[in-house]
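Here the structure is laid out as structure tokens; the discussion comes afterwards.
Since every read-out is calculated from the coordinates, none of them should be taken as a lab result. Here the structure is a predicted model, which means the values were calculated and not measured. Glycine also receives a Cβ, built like all others from the backbone with ideal geometry; neighbour counts cover every protein chain displayed.
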Amino acid sequence: MKKILSVIGARPQFIKAVIVSKELLHKYEEVILHTGQHYDESMSGIFFRELGLREPDINLGVGSGSHGTQTAGMLIGIEKAIDSVHPDLVLVYGDTNSTLAGSLAAAKCQVPVAHVEAGLRSYNRAMPEEINRIVTDHLSSLLFCPSEQAVANLSTEGIDKNVHLVGDVMFDSFRLMGDAVGKDDTLFSRLDISPRKFCLLTLHRAENTDDPKRLANILNAVNGLNDRVIFPIHPRTQAAIRRIGWKPAENVSVIAPVGYLDMVKLEQSAGCILTDSGGIQKEAYWAGVRCLTLREETEWVETVSAGWNILVDDDPEKIIGQFLSFHPAGPRPFVYGDGMAAGKIVRAIQNFL
Ligand code: UD1
Ligand code: UDP
């Protein structure tokens, strides 16, 4: 049986890999390598337990560090894994340092790379993710795009061979798990919230957390919203908040990061979502909940052009003003596939191998 080495390491990658791993079962011998980029129970372990993703075969335990330290540690570990596993293909997801290390190590070992979520661009090279995406796409032999825009982005960079428009594996997950979250209301009673009577906030992008002025602008605006705010906080943001000494107002509940099922439940029930996350902008769209994106630009331009997502940057006037006035109600076209992306990915891999 041919072998696939799947490289994952950060929260959104566990959610994406669950779906593809199931499709690979019995067709390939899949070796799952966790770089250890995320390691807290709430950032990693919970996703394996809750979503039924098999425990990784290899965990590099690389942990946190500067971009160079982290990526270099991963490169060494992934190269060793490639040498001992001899995979026929290395599968990488998204745009994190784990993605970059996986694709670079594989390409140097002359193993073909397949990139899930290829072709996304923010056209902002100050973002570490933009660099990771560009390098990974240019090293990949198989490129799986979530949207037509992603295919077009690759084409302008001269990449048009083995590019497959398959849709978004996160939509596959959202559809499947969305049905699984069920009617259990204990989450709401625990948080003392009612459906549609709260906002959901997430914030973790380096350009927001590592800039004290941007972080304070956003969080002070959030303190000024006349609604309950539930804020599952990323550890990076927790540390940044301590540095600037921000304190949540009474309406804001800062909670530990939640598992995917609770997150989907919160998204489906929120009155409004404020975020700088890539995945959550799309999930807001699929849930039919208005989204205020705390960034200057987005890769997920379709959610904005459909009218369900608005870029409010770190501007307090825009954040509070749009929170009060932005109430989309138009259609939400299926711009990210039909929820069957994983099957299409595995069929394309079969044809390729
Ligand atoms: C990474 C990705 C980002 C992705 C995000 C998903 C890169 C460059 N960035 O950002 O694209 O959107 O994951 O969540 O790869 N930390 C912990 N415990 C953990 C993990 C992190 O305490 O389990 C803290 C550490 O202080 C660490 C910081 O969070 O330094 C940042 O973690 P890191 O993985 O470097 O970047 P993310 O911000 O998580
Ligand atoms: N997520 C989660 N719990 C949280 C925050 C996010 O399960 O407390 C999920 C979210 O539903 C989405 C994914 O993690 O599926 C997005 O990850 P994140 O925002 O960390 O990264 P990004 O998508 O921006 O790379």
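Charges only on Cβ, +1 for Lys and Arg, -1 for Asp and Glu: so what's the dipole of the chain about the Cα centre, in debye to the nearest 20? Before the final figure, lay out each step's value.
On the way: 35 positive and 43 negative charges, 62 e Å.
Result for the chain is approximately 300 debye, rounded to the nearest 20.
Based on the alpha carbons, how large is the Rg to Rh ratio for region 167-233 when Rh follows Kirkwood? If you can, show how the numbers build up before the last one.
Details: Rg = 15.6 Å, Rh = 14.6 Å.
Value, to two decimals: 1.07.
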Once label points are set 7 Å from the Cα along Cα→Cβ at both residue 317 and residue 189, what is their separation, rounded to one decimal in nm?
4.6
Any idea how far the Cα center of region 332-353 sits from the one of region 46-61, in Å?
23
Taking only the Cα positions of region 131-254, the convex hull volume per residue in Å³ is 163
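Counting other C-beta atoms within 10 Å, and keeping those with at most 14, which DSSP coil chymotrypsin sites (Phe, Trp or Tyr not before Pro) do you find in region 322-351? All intermediate terms of the calculation are to be shown ahead of the outcome.
Working: sites: 323, 326, 334, 336; in loops: 326, 334, 336.
Within region 322-351, the qualifying chymotrypsin sites (Phe, Trp or Tyr not before Pro) (loop, at most 14 other Cβ atoms within 10 Å) are 334.
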How many angstrom lie between the C-alpha centres of region 63-110 and region 255-290?
30
Taking the chain and counting helices only, DSSP H stretches of n ≥ 4 at -39,500 (n - 2.57) each over all residues, the nearest-500 ellipticity at 222 nm comes to -13500 deg cm²/dmol
Please order 74, 263, 43 by the number of other Cβ within 10 Å, starting at the fewest.
43, 263, 74
Could you state the number of Å between the C-alpha centres of region 308-329 and region 144-198?
22
Write down the Kirkwood hydrodynamic radius of the chain, to one decimal in angstroms, obtained as one divided by the mean of 1/r over all alpha carbon pairs.
20.6
Cα-based Lys pair tally, region 107-263, threshold under 28 Å, eight or more apart or on separate chains:
4
Using a basic spin-label model with each label point 7 Å from the Cα along Cα→Cβ, how many nm lie between residue 110 and residue 213?
5.2
By the mean-Cβ-within-10 Å protection proxy, highest first, 250-256, 286-292 rank as 286-292, 250-256
Chain lengthening between residue 161 and residue 69 when straightened (0.36 nm per residue, less Cα-Cα):
29.8 nm
Computed over the chain: relative contact order in percent, which uses C-alpha pairs under 8 Å that are six or more apart
15
